[in-house]
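Read the figures in this text as sums done on the coordinates, not as results from a lab. Keep in mind it's a predicted model, so treat the numbers as computed, not measured. Cβ sites come from the backbone with ideal geometry, for glycine too, and all protein chains shown count toward neighbours.
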Amino acid sequence: MSESDPETSLQPYESGSSRRGFVSTTCATVMGAGLVASYGTFFSYAGRYLYPAHPPEQGWMFVVEIARLKMGESLPFFTPAGESVAITRQGEAGTVEDFIALSSTCPHMGCHVHWEGFKNRYFCPCHNGVFNPQGVAISGPPADAGQSLSRYPLKIKNGLLFIKVGLEVLAETCEPMDGTDGSEVC
């Protein structure tokens, strides 16, 4: 073996060079694929957030005859999606301005808020959150965070009170009964 023989002197250099080239090409390809996948995921989420597939369908649902709900009373109502709403009568004129529909879910921790007519307020017992008759937090953690109860539109037609809510029904899971007739209870 002489150093002037081109086959023997270049052979180790070529095999090492091709191995390094393969490893660097593989690493670059894997890193590039990772970047494409991560940016693709980001833009996919951003696109779904900025351009939702379709807005939820909304419609008017009957609540109660306005004569049945007395001044200062509150009526619990559940939307088809399962949201809890408190509909309260705060006036006697018989117009839509006499009524207010607010979410019964506290924006602070998700606890159930209820109307206290004798104190003219909504109250959250979890952390003593207090909301005025319009649903604006006036004390407790919701007030510290500047939170309010969500409001739902109302209308009156022929002495009947209607609320505008999302009509998408919450999917229920059903449990089979004792198995005798194959019926299910939800």
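Some values worked out for this structure:
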{"item": "Reachable lysines from LYS119, criterion Cα separation under 17 angstrom, eight or more residues apart if same chain", "result": "LYS70"}
{"item": "For the range 58-166, size of Cβ-based charge dipole, Lys and Arg +1, Asp and Glu -1, in debye", "result": "160 debye"}
{"item": "Separation between Cα centres of the range 32-50 and the range 53-86, rounded to whole Å", "result": "39 Å"}
